[in-house]
Amino acid sequence: MSRKLIVRLKGGLGNQLFCYATARRLAWFNNADLVLDTVTGFKYDVTYHRSYALGAFALPARLATAAEQMEPFGRVRRLIARKISERQPLNARRFIQQVGVGFDPEIMNLRLQKGTTYFDAFGQSERYFKDIRELLGQELAMSAPSDAVNQEMAKKIEAGLAVAVHLRWFDAGDASHSSNMSISFYAQAIAHLLAKVGQAHFYLFSDRPDQSEALLRPLIQGQPCTVVRHNVLSGSAEADFWLMRQCQHFIIGNSTYAWWAAWLREQSHQGTQVYAPARNVDPEHSVTAWGFPGLLPERWTIL
């Protein structure tokens, strides 16, 4: 009997890439077929209403059937399967759920049982999959957007030393327990980068470009700055992701979306500098978590 690993995808584009990459490595390690549950992880997302976002990549995995998603009554059936599995050693489980968000080394060398295993984990660390980095680079290649606006923007990015600056908005940002990254981080990161490279063209990416421009443009110290708005207006997060990957250097906030753009660019461009925040977001007051063990590669500049 062969092995089959069904991975439950959830979250936005960045989180789905973490789910996929960790499961892809686990399937590769066990010579197992990988199947994508692209439905159940989004059914109860009442905050962001996310949906499957990996269609832009040619992934070597098929989509799960309703039966493989444990439907009907999937929520109850997954709960029962998880509770039963929790009583068993990790290597004997048919339902594997990551506990917490920090790096779990046991997942690295997990030997799957023959037959079907269901995998529910964010896997937010390159340690889970860095030994198949070249393979992931091939599978997560993207075709360039065909429209003229993105093509012209890409030419502009490639013509100089381009820095992608990403600011993700989780809330209004005016409360003490805001999940947004502090502006002081961006000021420090920009100053560090300019001290190293001298001058650069900054490309600002954000889900709220106008608000981000008002906050960040004064920090760029007179360097050229382009605010990338057009893909936000058209709703094309994939096109923004592709454009970010064309930049040479990165200043990212607490966003797995930007994490992946930087990580994938590193593979194709020697000397990429990545600046990332070390701040831990209070999980009792926020919808995100950041700075936990294993999330940020040690080679990145953590401020």
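The values are calculated or read from the model by the stated rules, or taken from the named source; none is laboratory data. Predicted model only: the values in this text are computed from it and were never measured. All Cβ positions, even for glycine, are placed from backbone atoms using ideal geometry, and neighbour counts span all protein chains on display. We work out accessible area using only protein heavy atoms, side chains counted, and drop any ligands, DNA or RNA first. Shrake-Rupley method; radii C 1.70, N 1.55, O 1.52, S 1.80 Å.
Per the 1.4 Å probe, what fraction of the accessible area of the range 1-153, in percent, lies on carbon and sulfur atoms?
Looking at the range 1-153 in its full context, I get 53 percent from C and S.
Note down the nm distance, to one decimal, between modelled labels 7 Å out along Cα→Cβ at Asn31 and at Arg208.
5.2
So how long is each side of the chain along the principal axes, counting just the alpha-carbon atoms, biggest first, in Å?
Here the Cα extents, ordered largest to smallest, are 62, 41, 34 Å.
Per residue, how large is the accessible surface of the range 182-303? Use a 1.4 angstrom probe and give square angstrom. Walk me through the intermediate numbers first.
On the way: 5090 Å² over 122 residues.
Dividing the accessible area of the range 182-303 by its residue count gives 42 Å².
One-quarter of the Cα convex hull surface for the range 110-155, in nm²? Working shown, then result.
Values: hull surface 23.9 nm².
So the Cα hull casts an average projection of 6.0 nm².
Give me the orientation-averaged projected area of the Cα convex hull of the range 157-250, in nm², one decimal.
6.1
Solvent-accessible area of Asp210, probe 1.4 Å, all protein chains present, reported in Å² to the nearest ten, please.
Here the residue's solvent-accessible area equals roughly 100 Å².
Which peptide among 25-32, 129-136, 148-155 comes first, and what is the full order, when sorted by highest mean count of other Cβ atoms within 10 Å?
Going by the mean number of other Cβ atoms within 10 Å, highest first, we get 25-32, 129-136, 148-155.
Once ligands and nucleic acids are excluded and a 1.4 Å probe is used, how much of Phe292 is accessible, expressed in Å² to the nearest 10?
20
If packing is taken as the mean number of other Cβ atoms within 10 Å per residue, what is the order of 250-256, 37-43, highest first? Display every interim value, and only then the final one.
Numbers: 250-256: 26.6, 37-43: 19.0.
Packing order, densest peptide first, comes out as 250-256, 37-43.
May I ask what percent, to the nearest 5, of DSSP beta bridges between residues of the chain are antiparallel?
Antiparallel bridges: around 0 percent, rounded to the nearest 5.
Relative to 2.2 N^0.38 Å, what does the C-alpha radius of gyration of the range 28-112 come to as a ratio? Two decimals please.
1.22
Looking at the range 183-290, which GluC sites (Glu not before Pro) are DSSP coil and have at most 16 other C-beta atoms within 10 Å of their C-beta?
Glu284
Taking just the alpha-carbon atoms of the range 228-303, what radius of gyration and Dmax come out, in angstrom?
According to the Cα coordinates of the range 228-303, Rg and Dmax are 13.5, 39 Å.
Tell me, what is the percent relative contact order of the range 1-127, built from C-alpha pairs under 8 Å that lie six or more residues apart?
Over the range 1-127, the number comes to 35 percent.
For the range 174-303, what is the Kirkwood hydrodynamic radius in Å, using each pair of distinct C-alpha atoms?
With all distinct Cα pairs of the range 174-303 included, I get 15.4 Å.
In Å and on Cα atoms, what radius of gyration and Dmax does the range 125-184 show?
Cα-based Rg and Dmax for the range 125-184 come out at 17.5, 43 Å.
What accessible surface, in Å², does a 1.4 Å probe find on Glu106, ignoring ligands, DNA and RNA and rounding to the nearest 10?
For Glu106, solvent-accessible area is about 120 Å².
Accessible area per residue, 1.4 Å probe, Å², for the range 1-141: what's the number?
Ligands and nucleic acids excluded, the figure is 49 Å² per residue.
What is the sum of charges around Val99, taking Lys and Arg as +1, Asp and Glu as -1, for the other residues whose C-beta is under 13 Å from the C-beta of Val99?
Charge balance near Val99 sits at -2.
Taking the Cα-to-Cβ direction at His192 and at Arg82 and moving 7 Å from each Cα, how far apart do the two end points lie in nm?
So the two model labels end up 3.6 nm from each other.
Quick one: length gained pulling Leu63 to Leu90 fully straight, 0.36 nm per residue minus the C-alpha distance?
Working: separation 27, 0.36 × 27 = 9.72 nm, distance 2.52 nm.
Full extension of this stretch gives 7.2 nm more.
Once R0 is set to 22 Å, what does the formula 1/(1 + (r/R0)^6) return for the Cβ-Cβ distance between Glu106 and Arg299, expressed as a FRET efficiency to the nearest 0.05?
0.35
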